[in-house]
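Here the structure is laid out as structure tokens; the discussion comes afterwards.
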Amino acid sequence: GQHCRYIFCGNYDQHTDITGESFQFRGQGIESIMRDMVIRNIRLIGNCLGQTSDLRAAVQDLAHGKTDVITDHLYTGNQVKEFFTRTFLDTNRFGKVVYQF
């Protein structure tokens, strides 16, 4: 059979404070989701990027040469679409994709 894996990070309804729109449920109930996962043999992996302080510490480490990061590509300015495409869709990516602002 076909095996599927879905890796996610983030919280459902995490952007209402940015968009200014009220939360609207647009999904299935947990029972339906679990049934589909069992039938389709889907593995669900949650991932947490950490807190803001973790990001600050990592940026400081990088700025002070305390860590080596392989960079695939650096994007700036109006290259936002290219950044997201390379980050999430390009299977030839090797290393981190960076957007510098």
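Table for the structure above
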| item | result |
| --- | --- |
| Segment N41-F101, length gained on full extension (0.36 nm per residue, minus Cα span) | 17.5 nm |
| For G29, net neighbour charge (Lys/Arg +1, Asp/Glu -1) across residues whose Cβ lies under 12 Å away | -1 |
| Pairwise FRET efficiency - T52 versus T85, Cβ, R0 = 41 Å, nearest 0.05 | 0.95 |
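Here, each number is a calculation from the coordinates, and none is a lab measurement. Only a predicted model underlies this, so the values are computations on that prediction, with no experimental measurement involved. Note: ideal-geometry Cβ built from the backbone for every residue, glycine included; neighbour counts use all protein chains shown.
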